[in-house]
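Undergrad: Before I ask anything, let me first share the structure, which is written out below as structure tokens.
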Amino acid sequence: MDITLSTVLVLVLTATAAVTDLINHRIYNWTTYPGIILALAVNYLQNGWDGDYPGLFDSLKGLALCGGLMLVCFVLRPDVGGGDLKLLAMVGAFLGLEKGLEALLWTFVLGAAAGVAVVIWRVGLFRLVRGVVRHVLLSLRLVSWLPLSQAEREQLQPRLYLAPAAAIAVAIVSFNLVGFL
């Protein structure tokens, strides 16, 4: 396993963002903007424009793809913040197109799993399953989908923490830990 300066930097920056997200519910610009610039500079200095993976060109592609996908999420989902967008664009810039996309997908999977775990913890598994089954059966009986009540909606909307999920995803991708999972 080859640990590069780029790997160390992305791990440190995503871990920093995870801590600030958990404590202050914010991902700060002082983490993401310098991180993006560092990613482009380090990958260019280590690998040139289009040399070994990831060079500057691949970093730019990762930045554009991860940032673009997160921009769509930012526009469509009000609980995805600008810090999440910039953090995952930074991850794409560090890891390049392929590994950046892999880390982005792992981030979504881990974030969704954490969200489900929080909802189960908050509501209770039995009560959650009972409510879903009841709601589906009522909707089928009435042949239309019933909207959830405000109280039901609030229970099903845990706070989203993508930075810790991104930090774990970066570690999974950087150290090729998929085989261990």
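Undergrad: Of the residues G100, G111, which is crowded, with 19+ Cβ neighbours inside 10 Å, within 15 Å of A167 (Cβ to Cβ), at pLDDT below 95 and not aromatic (F, W, Y)?
TA: Just a single option satisfies the conditions, and that option is G111.
Undergrad: Kindly indicate which of L137, L95, L146, L71 is over 11 Å from the mean Cα position of the chain (by Cα), surrounded by fewer than 19 Cβ atoms within 10 Å (Cβ to Cβ) and closer than 30 Å to V12 by Cα.
TA: Matching residue, one of L137, L95, L146, L71: L71.
Undergrad: Among the listed residues V80, V91, which satisfies the condition of being at negative phi and part of a helix (DSSP H, G or I)?
TA: So the residue among V80, V91 that is at negative phi and part of a helix (DSSP H, G or I) is V91.
Undergrad: For the subset of region 21-41 comprising residues that are among the polar types (S, T, N, Q) and crowded, with 17+ Cβ neighbours inside 10 Å, which member is nearest to G62 (Cα to Cα)?
TA: The residue in question is T32.
Undergrad: Okay, moving on. Between a first residue in region 111-126 that is touching a residue at least 12 places away in the same chain (Cβ under 8 Å) and a second residue that is assigned to a loop (DSSP other than H, G, I, E, B) and of a type outside the set (A, V, I, L, M), which pairs have beta carbons less than 6 Å apart while being 6 or more apart in sequence or on different chains?
TA: So the pair list comes out as G115/P158; V118/P158; V119/P158.
The values are calculated or read from the model by the stated rules, or taken from the named source; none is laboratory data. Keep in mind that this is a model prediction, so the values were computed, not measured. Counting neighbours? That spans all protein chains shown, and the Cβs are built from the backbone with ideal geometry, glycine included.
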